[in-house]
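A.B. asks: If you scroll down you'll find the structure; I have some questions about it.
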Amino acid sequence: MTLLVAITGWDPAPWAERFRKLMPDRRVVTLGEPYDGADIRYVASWKHPPRSLANLPHLKALLSLGAGVDHLFSDPALPDAPIVRIVDPDLTARMSEYVVLHCLLHLRQQRRYDHQQRNRQWVDDRLQPAARDMRVGILGMGELGQDAARKLALMGFQVAGWSRSSKRSTDAEMFCGADELDLFLQRTDILVALLPLTRDTRGFINATLLRKLAHDGPFGGPYLINAGRGGLQVESDILACLNDGTLLGAALDVFEQEPLPPSSPLWPHPAVTITPHNAAMSDPETIGKQVVAQIQDFESGAPLRNIVDRDRQY
Ligand code: OXD
């Protein structure tokens with residue numbers, strides 16, 4: 001059994017090293033090394049080059065090294081093996097840190113205080129709403145959304161979740177499907193996007209959607225946090241909404257084009273907080289272990305876990 005580590009955009013070396021350490025009796029190769037496609041049984045992929053997996057006749061599973069699997073579907077010659085998505089407590093915890101951080105930075109108006117500090121300005125300002133006054137709405141209630149909901153609810157935020165199909169949550173008021181989307185948006189002061197990127201969600205966060213968010217919250221307007229995928233958002237609409245007051249601000253970790261081009265008007269915008277798509281980094285230490293456990297369990301006869309539905313693309 002050979003495992004092919006097919007990665008672009010990240011350094012494949014620590015991944016290959018981790019897999020070799022965890023499976024010393026198996027062969028682990030990276031895309032640059034010579035190998036016979038007929039020997040490959042598993043692929044661990046992050047943004048593998050399109051068509052690079054076309055000749056693997058005995059492939060048993062394709063394992064994504066990130067939470068999102070949209071990178072796989074851009075390959076027109078994607079092999080017909082089961083696709084496994086990673087569900088990793090470490091990655092999930094990192095994403096929740098990002099979401100809670102940006103909800104709190106907005107709630108506690110930290111950008112404004114940073115600005116005042118730079119100007120040596122002490123403003124005696126008593127307007128400080130509590131988390132219980134702020135309604136957070138999470139678009140996408142998969143593993144990541146549910147964990148963020150739990151941690152935000154612990155902080156006292158009023159949390160709601162929206163998902164395409166019906167889901168239960170003990171931490172969030174749930175809304176589901178197209179029929180309940182408007183109701184969800186109308187009660188949302190902070191919109192957190194954690195949806196997968198699929199043919200149905202591309203461009204989902206556009207001006208029409210943003211205009212439906214609440215304007216009767218503590219700051220009189222909504223805030224956007226996107227840590228899902230850049231393809232979910234229409235950046236020209238976000239900018240227009242920031243500039244006409246529809247949106248008070250945005251924290252964006254993901255972009256239509258990455259790296260975000262230096263010419264993007266999002267960079268200098270005073271109401272935008274930018275991070276370089278690192279809200280939830282994949283760690284070879286923890287994810288390597290998960291991938292190897294999946295392979296070993298599968299080889300001892302257990303079914304693969306967290307299989308992606310190719311039709312729904314998540
Ligand atoms: C992921 C990511 O999908 O880091 O895990 O974007």
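The values are calculated or read from the model by the stated rules, or taken from the named source; none is laboratory data. A quick note: this is a predicted structure, and the numbers were derived from the prediction, not measured. Note: ideal-geometry Cβ built from the backbone for every residue, glycine included; neighbour counts use all protein chains shown. Note: accessible area is taken over every heavy atom of the protein model, side chains too, but ligands, DNA and RNA are not part of it. Shrake-Rupley method; radii C 1.70, N 1.55, O 1.52, S 1.80 Å.
A.B. asks: Please report, as a whole percent, how much of the solvent-accessible surface of the chain comes from carbon and sulfur atoms (probe radius 1.4 Å). If you can, show how the numbers build up before the last one.
C.D. replies: Working: 7560 of 14970 Å².
After summing per-atom areas, the C and S share lands at 51 percent.
A.B. asks: How much length is gained on full extension from S74 to H115, taking 0.36 nm per residue of separation minus their Cα-Cα distance?
C.D. replies: Numbers: separation 41, 0.36 × 41 = 14.76 nm, distance 4.16 nm.
Roughly 10.6 nm would be gained on extension.
A.B. asks: List, in order, the whole-Hz ³J(HN,Hα) value for each residue of segment 229-240 obtained from phi through the Karplus relation with A = 6.51, B = -1.76, C = 1.60 and θ = phi - 60°; use x for Gly and Pro.
C.D. replies: Calculated HN-Hα couplings, in order: 9, x, x, 6, 10, 9, 5, 5, 6, 4, 4, 4 Hz.
A.B. asks: For segment 138-156 and segment 29-47, compute the distance between their C-alpha centroids and round to whole Å.
C.D. replies: 36 Å
A.B. asks: In square angstrom, what is the accessible area per residue of the chain with a 1.4 angstrom probe? Show your work: numbers first, answer last.
C.D. replies: Numbers: 14970 Å² over 314 residues.
The answer is 48 Å² per residue.
A.B. asks: What are the aspartates and glutamates whose alpha-carbon lies under 17 Å from the alpha-carbon of K289, with same-chain residues fewer than 8 places away excluded?
C.D. replies: Within the straight-line limit of under 17 Å, K289 reaches these aspartates and glutamates: E17, D25, D88, D90, D297, E299.
A.B. asks: Still on this model: By the scheme Lys and Arg +1, Asp and Glu -1, what is the net charge of all other residues having a beta-carbon under 11 Å from that of G249?
C.D. replies: Details: positive: R111, R112; negative: none.
Net charge in that neighbourhood comes out at +2.
A.B. asks: For the chain, set up a Gaussian network in which alpha carbons nearer than 10 Å are linked by springs, and say which option among G228, G177, G145 fluctuates the most.
C.D. replies: Among G228, G177, G145, the largest GNM mean-square fluctuation belongs to G177.
A.B. asks: From the helices alone, meaning DSSP H stretches of at least four residues, give me the mean residue ellipticity at 222 nm for the chain, per-run term -39500 (n - 2.57), in deg cm²/dmol to the nearest 500. Before the final figure, lay out the partial values.
C.D. replies: Values: 9 runs with 91 residues, N = 314.
For the chain, the value works out to -8500 deg cm²/dmol.
A.B. asks: May I ask you to evaluate 6.51 cos²θ - 1.76 cosθ + 1.60, the Karplus curve with θ = phi - 60°, for each residue of segment 304-312 and list the ³J(HN,Hα) values in order in whole Hz, giving x for glycine and proline?
C.D. replies: 5, 9, 6, 7, 7, 7, 5, 5, 7
A.B. asks: Sequence-distant or interchain residues sharing an amide H contact under 5 Å with L63, placed H: which?
C.D. replies: V43, A44, S45, V84
A.B. asks: Another question, then. Considering only G249, T198, L209, whose Cα is most displaced toward the positive end of the charge dipole of segment 89-274, charges sitting on Cβ of Lys, Arg (+1) and Asp, Glu (-1)?
C.D. replies: G249
A.B. asks: Right, something else. Averaging sequence separations of C-alpha pairs under 8 Å and six or more residues apart, then dividing by the length of the chain, give the relative contact order as a whole percent. Intermediate results must be reported in sequence, preceding the final value.
C.D. replies: Details: 577 pairs, mean separation 49.5, N = 314.
The value is 16 percent.
A.B. asks: Mean 1/r over all different Cα pairs, inverted: what Kirkwood radius does the chain give, in Å? Intermediate results must be reported in sequence, preceding the final value.
C.D. replies: Details: mean 1/r = 0.0478 Å⁻¹.
Kirkwood radius, the chain: 20.9 Å.
A.B. asks: I would also like to ask the following. Quick one: angle between helix 143-155 and the longest Cα principal axis of the chain, in degrees between 0 and 90, rounded to 10, please.
C.D. replies: The answer is roughly 40 degrees.
A.B. asks: Residue by residue through segment 188-201, which ³J(HN,Hα) values in whole Hz follow from phi under the Karplus form 6.51 cos²θ - 1.76 cosθ + 1.60 (θ = phi - 60°), with glycine and proline marked x?
C.D. replies: For segment 188-201, the Karplus curve yields 10, 8, 10, 9, 10, 9, 10, 6, x, 8, 9, 4, 7, 9 Hz.
A.B. asks: What spacing in nm lies between the two simple spin-label points modelled at K60 and Q296, each 7 Å away from Cα in the Cβ direction?
C.D. replies: 1.4 nm
A.B. asks: Just to confirm a number: summing +1 for Lys and Arg and -1 for Asp and Glu over residues other than P79 whose beta-carbon lies under 12 angstrom from that of P79, what do you get? Each step should come with its number before you reach the end.
C.D. replies: Details: positive: R41, R51, K60, R310; negative: D75, D80.
Value of the local net charge: +2.
A.B. asks: In the Gaussian network model of the chain, springs joining C-alpha atoms below 10 Å, which of Y113, Y98, Y35 carries the largest mean-square fluctuation?
C.D. replies: Checking each option, the largest mean-square fluctuation is seen for Y113.
A.B. asks: Name the residue farthest towards the positive end of the dipole of the chain from the options A6, V99, A44, assuming +1 on Cβ of Lys and Arg, -1 on Cβ of Asp and Glu, about the Cα centre.
C.D. replies: Checking the options against the dipole of the chain, the answer is V99.
A.B. asks: OK, next. Under a 5 Å amide H to amide H cut-off, with H placed in plane at 1.01 Å, what residues pair with T273 once short-range neighbours are removed?
C.D. replies: Amide H neighbours of T273, under 5 Å, 5+ apart: A250, A251, L252.
A.B. asks: Right, here's the next one. With springs only between Cα atoms under 10 Å, which of Q233, Q158, Q109 fluctuates most in a Gaussian network model of the chain?
C.D. replies: Q109
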